[in-house]
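Have a look at the structure below before the remarks.
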Amino acid sequence: MVRAGHRDLIPELCLKWWPQTERGNTTFEEYWSGPIGEASRCHAWSAIPTYDLTTHVLGVRPTEPGYHKAEIRPRFGSLRNLSGRVPTSHGMIDISLEREAGGTIVIPAGIVAEVFFEDADLRGATLSAGTHTIKRGRRFRPTPLDSGD
């Protein structure tokens, strides 16, 4: 979807996994509705929502080996809020954002992140370690996303 230029459809596509979350699962099942005790609850090919949500919705990607540098390019699409944690070799990148109000991004020590907003009037920046408040108003203009995914 991303290669075809439809990154905006990722949140809607990931919603087909929502019933598994509502059932209390903490991993994604092998089957859409596998009977308890008769189906696996964790498979690599079922992890695509986690990858898509962190990479294409939260927009977190390493731009240097070892996550020394990263890019954070959230894409709200039809969503009003985005939040998540992305594990790196330096610790978690934590993101909690509202399209209309901003929010916070926490960067662990050892990472410098470039933040861009494509579809929200929020201020981008270069962030180093610490907790950062994201406010309204653009500062950086996004560049085309080079996606090898």
Surface share of carbon and sulfur [accessible, 1.4 angstrom probe, percent] for the range 63-104:
48
For a quick check of understanding: with a 1.4 angstrom probe and all protein chains in place, what accessible area in square angstrom does MET1 have, to the nearest ten?
100
Test of understanding: what is the full-extension gain from ALA109 to SER128, defined as 0.36 nm times their sequence separation minus their Cα-Cα distance?
6.1 nm
What does the accessible area of SER89 come to, in Å² to the nearest 10, when a probe of 1.4 Å is used?
100
Rounded to the nearest 10 Å², the accessible area of LYS16 using a 1.4 Å probe with every protein chain kept is 110
For the range 47-120, rounded, prolate or oblate, judged on the Cα gyration tensor with a ≥ b ≥ c (square roots of eigenvalues), a/c < 1.5 rounded, else prolate if a/b > b/c?
prolate
So for R0 = 22 Å, FRET eff. of GLU12-GLU118 from the Cβ-Cβ r, to 0.05, ends up at 0.80
Which order do THR50, THR88 take by accessible area at a 1.4 Å probe, largest first?
THR50, THR88
Want the number for LYS135 to MET92: 0.36 nm per residue separation, take away the alpha-carbon distance, what's left?
13.3 nm
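The values are calculated or read from the model by the stated rules, or taken from the named source; none is laboratory data. If you're wondering where the values come from, they're calculated on a predicted model, not measured in any experiment. Heads up, the Cβs are rebuilt from the backbone with ideal geometry, glycines too, and the neighbour counts pull from every protein chain shown. In case anyone asks, the SASA skips ligands and DNA or RNA and just uses the protein heavy atoms, side chains included. Shrake-Rupley method; radii C 1.70, N 1.55, O 1.52, S 1.80 Å.
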